[in-house]
Amino acid sequence: MGVSVSYTDKQKGLTRRQFLTYALGGTGAFMAVAAVGPLIPFAVDPLTRGTTETFSTVGTESEFNTSYPLAKDFTLKQKDGWIQVDNTYTAFIIKQQDGTYLAMSNICTHLGCAVSQQLGSDGKPTAFSNGIWFQCPCHGSQFSLTGVQTPVSPAQRPLDIFLTKVDSTGQVLVGSKKHQRTV
Amino acid sequence: MFKKTYDWIDERLNVTPLWRDVADHDVPAHVNPANQMSAFIYCFGGLTFLIVVTQILSGMFLAMYYVPDLYNAYTSVQYITKEVLLGNVVRGMHFWGASLVIIMMFLHMLRVFFTGSYKAPRDLNWVVGVLIFMVVMVFGFTGYLLPWDQKAYWATAVGTNIANTVPIIGPYVRTLLVGGDTLGAVTLTRFFAIHVFFLPAALLVLLGLHFLMIRKQGIAGPL
């Protein structure tokens, strides 16, 4: 049953075998894409969700000043997949020379205790001594007015900070994520 | 490019005979729809397998977001349906595919029955087919509970109560299915484990046997 095919003269157009191969491959590819197509966007869905940084109001601009940091509690909604949680944070907020606000987390960067402030007789925060404004009750880390640790503190980096911004009505807002500083 | 890569691998491992053994086989004239359109009924088995493959795929992806837990099961399913990109499509594939597998499997069984293909020596393969049928039904029963909504909960309550009515062993079967006395946390986790670990393993083994046997024995002759 030998059919002799001469490879010297090129056949015009598609051969029957080629056509069937392409038709089969094309149909197979179409079916594979139909089945797998929706699965890829489904799996890469997290890429379509931007940063979850949200902001919360902590007070009006007139409340804050450049001479002492004011402790403020604020609550932020965190969305974690189908779970929504309200997280409460405390930040020490001080106005800086350039007019922006610095919001420092009250969590010690050593082992996570809550650092404390000292209130003067007038009820306003005052320094402990020598420019020490925050002290950790656990291992004695001390931080300056801008949250920088003293050289002898067990804490190895300054207090973490929250992003801040001021809206058009003069409200100060604080962000939902802590950011490390490396001073 | 593809051809070159293939040749490179084939040169080293000689893989061509491996897949040729699987792919090259005679398709008898009486099962070829190109000869006689009514022969499409011989495609039902392959179509069932195609849908089973999409079920496995969509199930794997659904497991990325689903949590088999009392507090999270329903909300994670709602998250898939309402928030995840094309989540309703992927869940829909799995939902409609589940019914489709059973329909196609039943049509395949009818074809085998009415063409007499179950007769010896293929009777053993019929037995394996019936086992596959049972595995698929349990797939449906366990999967139905997983969305953890009212329909799922009460359907499973009815199902396990039916198991309870079996003479003598009924109450024990129900306790094993429910994982205790109350239809709840333990029921959900065991149905999940059965649905995504035990049954797929059983199904793949049985399908392997099913295909091995049909390849070894060949397709039954014409009527």
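The values are calculated or read from the model by the stated rules, or taken from the named source; none is laboratory data. These numbers were taken from a predicted model, which means no experiment stands behind them. Every residue, glycine among them, receives a Cβ derived from its backbone with ideal geometry; neighbour counts consider all protein chains shown.
Just a few scattered comments:
Okay, residues lined up against (1) surrounded by 12 or more Cβ atoms within 10 Å (Cβ to Cβ); (2) under 22 Å from A:Leu76 (Cβ atoms); (3) modelled with pLDDT of 90 or more; (4) not assigned by TED's automatic domain parsing to the domain that holds A:Tyr89:
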residue	(1), (2), (3), (4)
A:His110	yes, no, yes, no
A:Gln118	yes, no, no, no
A:Ser121	no, no, no, no
A:Ser141	yes, no, yes, no
A:Val166	yes, yes, no, no
A:Val172	yes, yes, no, no
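Listed here are the residues, each with its yes/no results for (1) in contact with a strand residue (DSSP E or B) (Cβ under 8 Å, 6 or more places away or on another chain); (2) hydroxyl-bearing (Ser, Thr, Tyr); (3) in a loop (DSSP other than H, G, I, E, B); (4) within 30 Å of B:Val84 (Cβ to Cβ).
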| residue | (1), (2), (3), (4) |
| --- | --- |
| A:Ala71 | yes, no, no, no |
| A:Leu76 | yes, no, no, yes |
| A:Val85 | yes, no, no, yes |
| A:Ala103 | yes, no, no, no |
| A:Leu111 | no, no, yes, no |
| A:Pro137 | yes, no, yes, no |
| A:Ser153 | yes, yes, yes, no |
| A:Leu163 | yes, no, no, yes |
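- Among residues of the stretch A:31-62, those that are free of Cβ contacts under 8 Å to residues at least 12 places away in the same chain and either in contact with a His (Cβ under 8 Å, 6 or more places away or on another chain) or part of a helix (DSSP H, G or I) (or both), counted: 15
- The criterion of being out of contact with any strand residue (DSSP E or B) (no Cβ under 6 Å at 6 or more places or on another chain) and within 12 Å of another protein chain (Cβ to nearest Cβ) holds for B:Leu85.
- Filtered residues of the stretch A:165-183 (kept if assigned to a loop (DSSP other than H, G, I, E, B) and in contact with a helix residue (DSSP H, G or I) (Cβ under 7 Å, 6 or more places away or on another chain)): A:Gly170
- For B:Val77, the conditions (1) more than 14 Å from every other protein chain (Cβ to nearest Cβ); (2) in a helix (DSSP H, G or I); (3) in contact (Cβ under 8 Å) with a residue 60 or more places away in the chain all hold with the exception of (1).
- Reported count of residues in the stretch A:80-101, each being within 19 Å of the chain's Cα centre (by Cα) and either within 14 Å of chain B (Cβ to nearest Cβ) or small (Gly, Ala, Ser) (or both), is 7.
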